[in-house]
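Quick notes on the structure that follows.
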Amino acid sequence: MADFEKRLYMIVFPVNALVASQLNPAEFAQHYTIGSSKHFKGKVMFVEIDNTYRNMHFDIDHYLSLTVPHSDGSPKKTKFISSYAVLEHIDLKAMKNLYLVTTNGKALEIQSKPYTAVNESGLVRIYQEINPLSNLVASTLDQREFGKYITVGTKSKGAPKVCFTQYEFDVEEFLAKNTSQNIPYSPIPETNASRLIEFLTELKSHPDKKTKTLNLNSTLIEAQYSMIRHGFWFAAGTELIFYPMPTTDELKQHHYDWLKYSY
């Protein structure tokens with residue numbers, strides 16, 4: 001019988017779960033999007049977790065012991081370890097590569113890198129919280145401060161750890177274009193354009209206000225990967241793990257097979 005490596009994957013979107021599997025990342029991506037009856041459509045994000053990682057919240061050893069090949073010799077595709085409060089109990093240092101999966105199972109592998117950007121202060125940015133929160137948020141905080149604020153600066157709107165991204169969205173240009181339009185248009189799916197104008201104007205008019213929630217539901221379900229600006233952040237206080245999104249040129253040159261199915 002084949003000897004398959006046992007791996008740990010944290011599904012980040014559209015659900016949050018810790019899963020044991022004998023599939024490699026590319027095989028896991030295909031299984032979860034097009035090979036399983038449990039997931040029917042939409043993009044998937046997951047991170048491979050160091051398989052030596054342990055936390056009392058998870059009974060990892062027990063479920064890994066059950067992750068064995070089937071009687072016909074085929075690998076065990078998934079063995080769910082936990083489907084509740086997963087990110088909150090994962091040490092960010094145990095996270096390996098991030099995978100962005102298209103609706104037809106193509107996976108883009110992204111390695112984490114130090115986030116060294118120098119950011120303009122006070123600029124209004126649009127953040128999509130991915131896990132464990134799902135709010136669409138406008139904020140005057142940069143990515144480092146936003147991650148810190150959500151994880152240690154607010155209890156009413158926060159969580160111990162958070163995964164979020166920033167959308168490619170020019171607030172000034174959007175407000176200028178929609179000032180004289182009778183029917184405003186929102187480039188962010190599932191978001192009311194009139195309320196978007198109202199809330200962004202309010203945030204710009206009150207510089208002491210740090211955040212404004214634009215939508216309680218995740219827009220990432222319908223948003224194209226091309227809307228992602230910079231990449232993805234996982235934050236816990238001042239600890240920040242950053243996965244940079246490749247540029248369009250990089251995708252065309254090295255990941256065209258993924259790019260053509262990412263819309």
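Note on the stretch 222-263: the alpha carbon radius of gyration divided by the globular reference 2.2 N^0.38 Å gives 1.38. Stokes-Einstein diffusion coefficient for the stretch 21-163 at 20 °C in a medium of 1.002 mPa s, Rh from the Kirkwood formula over Cα pairs: what value in µm²/s? After rounding, the answer is 123 µm²/s.
Helical runs assigned H by DSSP (4 residues or longer) give the chain a calculated mean residue ellipticity at 222 nm of -5000 deg cm²/dmol, each run adding -39500 (n - 2.57) before division by the residue total.
In this simple spin-label approximation, Arg54 and Glu190 carry label points 7 Å from Cα along the Cα→Cβ vector, and these lie 3.9 nm apart. Estimated from the Cβ-Cβ distance and a Förster radius of 25 angstrom, the FRET efficiency linking Ala117 and Glu198 is about 0.25.
Evaluated at q = 0.14, 0.24, 0.28, 0.33 Å⁻¹, the base-10 log of the normalised Debye intensity for the stretch 188-228, with identical point scatterers placed on the Cα atoms, takes the values -0.38, -0.87, -0.98, -1.09. Under conditions of 10 °C and 1.306 mPa s, the stretch 125-259 yields 101 µm² s⁻¹ as its translational diffusion coefficient, taking Rh as the Kirkwood radius over Cα pairs in the Stokes-Einstein equation. Straight-distance candidates among the lysines for linking to Lys260, with alpha-carbon spacing under 28 Å and chain neighbours fewer than 8 residues away dropped: Lys38, Lys41, Lys43, Lys77, Lys96, Lys106, Lys113, Lys252.
Here are a few candidate values for Cα extents along the principal axes in Å: (i) 68, 38, 31; (ii) 89, 62, 33; (iii) 68, 51, 35. Which one was actually calculated from the structure I just gave you? Working out Cα extents along the principal axes in Å from the coordinates points to (i).
Laboratory data are not the source of any read-out in this text; all were calculated from the coordinates shown. Remember, predicted model here, so these are calculated numbers, not experimental data. Neighbour counts run over all protein chains shown; Cβ positions are idealised from the backbone, glycine included.
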